Structures are given as C-alpha cells and as structure tokens.
1. Run Glu108 past the list (1) within 29 Å of Leu273 (Cα to Cα); (2) without any contact (Cβ under 8 Å) to a residue 40 or more places away in the chain and report the number of the one that doesn't hold.
2. Taking only region 131-161 into account, find how many residues are within 16 Å of the ligand (Cβ to nearest atom) and over 12 Å from Ala181 (Cβ atoms).
3. Within region 84-93, is even one residue away from the ligand (no atom under 16 Å from the Cβ) and either outside the structural domain of Thr357 (by TED's automatic domain parsing) or buried (at least 16 other Cβ atoms within 10 Å of the Cβ) (or both)?
4. So, of the residues in region 4-26 that are assigned to a helix (DSSP H, G or I) and closer than 18 Å to Arg290 by Cα, which turns out to be nearest to the ligand (Cβ to nearest atom)?
5. Would you be able to say whether some residue in region 256-268 is within 16 Å of the ligand (Cβ to nearest atom) and buried (at least 24 other Cβ atoms within 10 Å of the Cβ)?
6. For region 244-254, what are the residues that are among the charged types (D, E, K, R) and farther than 21 Å from Leu88 by Cβ?
7. For Arg241, state whether it is surrounded by fewer than 19 Cβ atoms within 10 Å (Cβ to Cβ) and not assigned by TED's automatic domain parsing to the domain that holds Arg8.
8. Residue check, Glu108 against (1) more than 15 Å from the ligand (Cβ to nearest atom); (2) part of a loop (DSSP other than H, G, I, E, B), all met but one. Which one?
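The values are calculated or read from the model by the stated rules, or taken from the named source; none is laboratory data. From a predicted model like this one, the values you see are computed outputs, not experimental measurements. Every residue, glycine as well, gets a Cβ built from its backbone with ideal geometry; the counts of neighbours run over all protein chains shown.
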Amino acid sequence: MIDLNAVRADTPAASRRVFLDSAGSSLPPRPVLDAVVGHLEREAEVGGYVAAREREDDLEAGYGVFAELLGAEPDEIAFTDSATRSWLAAFDAVPLAAGDRVLITEVEYAGNAVPILHRAHEVGASVETIPSDARGQVDVEALKELLDERVKLVSLVHVPTNSGLVNPVREVVEAAHGVGALVLLDACQSIGQLPVRADELGVDLISGTGRKWLRGPRGTGVLVVRRSAREVLRPRLVDLRSGEWVGPREYRLREDARVFELWEAAVADRLGLIAAARYALDLGVDEIRREVADRADRLRRGLAQVPGVELRDIGEQRSGIVTFTAGRPVVELREALAGHGVVVSTSHVGSTLLDMTRRGLDGVMRASPHYFVEPAQVDQAVEAVSRCVR
Ligand SMILES: Cc1ncc(COP(=O)(O)O)c(C=O)c1O
C-alpha cells in the first residue's frame with residue numbers, strides 16, 4: 001500500500017488543488033525538486049562543469065535505475081530531453097528505403113505521425129494504419145494480415161494521449177518479429193503509471209518522458225534501445241558524445257544506446273529525472289498502477305452519474321487517463337473547472353487525428369489522477385464537473 005499521507009507530504013500542492021493532469025505534466029515530489037534546485041545552486045557556486053563532475057557517479061548510476069524501472073540493461077538506456085527527442089532519435093535510425101512499409105495504429109500521436117509521413121515521403125516508403133478492433137484497441141489479427149517482409153517498423157502507442165486505452169504490446173511484438181519488423185513503443189503516457197518492461201514486452205525500442213506520470217522535471221526523456229535493435233539501427237544525428245574522432249578522417253560510434261545522446265544536457269534536470277525514477281521504484285510500480293486505477297475507476301464511475309457527461313474512453317484495459325465530453329467547449333469547461341480548483345487538460349483532434357476523426361470528436365476533457373490524489377478529491381472533481389455542466 002502506498003502511504004497516502006507520506007506522498008502527499010512530499011507533494012504540498014496536492015492539498016491546495018485537485019490536481020488531475022499527470023498526463024500533461026505532473027507535480028514533482030520533494031526529492032525531485034531538491035535534486036534539481038540543489039544542483040542549480042551548486043552550479044551557481046562552482047560552475048556547471050565542476051558541479052557535473054561532483055555528481056558523475058550519481059549520473060552514471062541513473063542508467064542502472066532506469067534499467068531496473070524499464071526491464072533493460074544499463075547499456076540499453078539513453079537520456080534525452082523529451083519523449084519526442086527519444087522517439088525521433090530511434091525512428092531516424094531505422095533503415096528505410098523505397099518500397100518499405102511502416103505501420104501505425106489509429107491512436108498514433110501527431111508528434112510521431114508527422115516525422116513518419118515526412119520520412120516516408122522522402123524515401124518512397126508507405127505508411128499504413130492497422131485498424132482497431134471493436135473495443136478500440138489495435139486489432140492484432142488485422143495486423144497479422146498486413147505484415148510482410150517489407151514492413152520495417154511498427155509504431156505502437158502504448159497509452160494514447162486522448163483516451164483511457166492501453167494497447168496490447170506483447171501480441172503486436174510477436175507478430176511484428178515474425179517478419180523481422182522492429183517495434184517502437186511510445187510509452188510516453190505509460191511509464192510511471194503502469195509497468196513498462198522491455199524484457200517482458202519484448203519491444204525493440206521504448207520512448208518516454210520525465211514530466212508526466214513519472215513526476216520528473218520538464219525537458220527530460222528516456223530511450224530504451226535493446227542490444228538486438230542497436231545492431232540494426234543506423235544512427236544519423238550523432239556528436240562527440242555519440243562517438244570519438246580517432247583520426248583525421250576516422251571516427252568510432254558507441255555501440256550502446258548512448259550513441260543517441262548528445263554531449264550537452266541539463267544536468268540538474270537529469271538528476272531530477274533519476275530521483276523521480278527512484279521515487280517510483282521505492283513506491284513500487286505495481287502499487288502505483290493499483291492506486292492510479294483506483295482513482296481513475298472512481299472518477300469514471302462518478303462522471304457516469306453526471307447528466308450531460310459522456311465518457312470517451314475506449315479499449316478493454318484502461319489507464320489512468322479519463323476522457324469525457326459534456327456538451328460545452330472543452331477549453332471553456334477546463335477553465336470553469338480551474339475556477340473550482342480542479343486542474344485538468346484537454347486533448348484536440350490534431351494530436352490524434354485518425355482516432356478523433358473516426359469517432360467524430362473535436363476535443364475531449366482529459367482528467368488524469370495520480371496516486372497522490374485523495375479519493376475525496378476525486379469526488380470533489382465530479383461535483384465540480386456536475387456544477388459546471390448544469
Ligand atoms: C502519446 C504521446 N506520445 C508522445 C508525446 C510527446 O511527449 P514530449 O512532449 O515529452 O515530447 C506525448 C505528449 O503528450 C504523448 O501523449
């Protein structure tokens with residue numbers, strides 16, 4: 001059991017408002033704040049280079065912390081400055097040529113779709129969408145029909161930005177590997193609220209962010225590159241962190257995942273990110289999943305009773321993201337709820353074009369309670385929604 005009083009004591013703002021936006025950017029706990037602010041103060045004292053050298057061991061240990069969190073080896077972890085940067089670094093290194101095929105799901109995120117379409121257009125590859133099944137999740141049988149050896153990549157969003165869906169991963173990976181395709185898992189919305197383990201899921205590549213469910217600082221991201229995938233990838237955006245200049249015309253790239261890191265980084269944020277992962281591991285990822293599911297179920301049950309509210313979550317397995325519409329423009333409703341001390345965000349058609357268009361939605365309300373939200377606060381949020389839609 002997570003000690004609610006203890007985690008709320010680490011998160012003072014959790015008592016000042018009903019915070020339901022961990023899918024947007026969560027509230028970092030005290031150890032994360034201390035790690036970031038403490039390092040910034042040290043940089044101001046001795047300069048960034050000396051301050052970084054003082055924390056070399058902790059920075060190195062961070063690869064082990066994330067390896068533990070994500071079911072990988074330390075040399076399969078790279079740190080970046082966002083989920084998108086992680087995703088782009090991996091995608092850009094997937095060899096793609098004319099005639100190759102890339103498969104996406106109906107809940108593909110715009111930040112992935114744009115680069116996929118752009119690169120496919122440039123190299124003459126095609127992009128095809130795997131249909132969803134009747135429950136709204138990726139249809140694995142339909143995927144099997146689509147697969148052949150020209151499919152080089154399956155881009156799979158674990159938890160989409162705009163609904164409570166959790167896509168099945170292992171089944172997709174098994175099918176994709178049958179034709180030699182790589183699977184790049186966008187775990188931006190799942191790391192920190194659900195177990196995401198590369199060893200159990202079998203995925204080749206995982207991208208994630210710090211600021212959402214992991215409760216890390218903004219401007220942080222992580223990338224998992226399995227050793228088997230590293231052999232296939234052709235990194236293109238490389239610098240002196242990615243490799244060494246060993247002769248006038250010779251260079252040697254790193255063989256591990258850190259080939260995808262650039263030399264310059266916000267060290268304070270990196271330390272905060274590592275502190276956030278440690279915090280999650282100390283609480284227990286399964287405990288976190290249970291508590292988040294408890295709050296999200298409570299919220300769905302409450303909202304289902306409010307006249308005029310329509311829940312918009314799809315899929316068989318649900319995450320901590322609760323989406324709904326209520327007959328009022330979503331941004332207007334978000335601001336009205338803010339007036340009641342309830343923080344939620346909205347998601348719009350442009351972020352998940354295929355799914356939102358298919359379901360005839362322009363925008364949805366997105367409420368994402370983390371484990372630090374009290375059950376009574378969830379009820380407060382339901383009451384606020386009911387007042388705002390009346
Ligand atoms: C599913 C999904 N993928 C990727 C991203 C991009 O993450 P970042 O802003 O950290 O690059 C988001 C952000 O909301 C997301 O919801």
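1. Failed condition: (2).
2. 9
3. yes
4. The selected residue is Val7.
5. yes
6. At the first step, the residues of region 244-254 found to be among the charged types (D, E, K, R) are 244, 249-250, 252, 254.
Result: Glu244, Arg249, Glu250, Arg252.
7. yes
8. Condition not satisfied by Glu108: (1).
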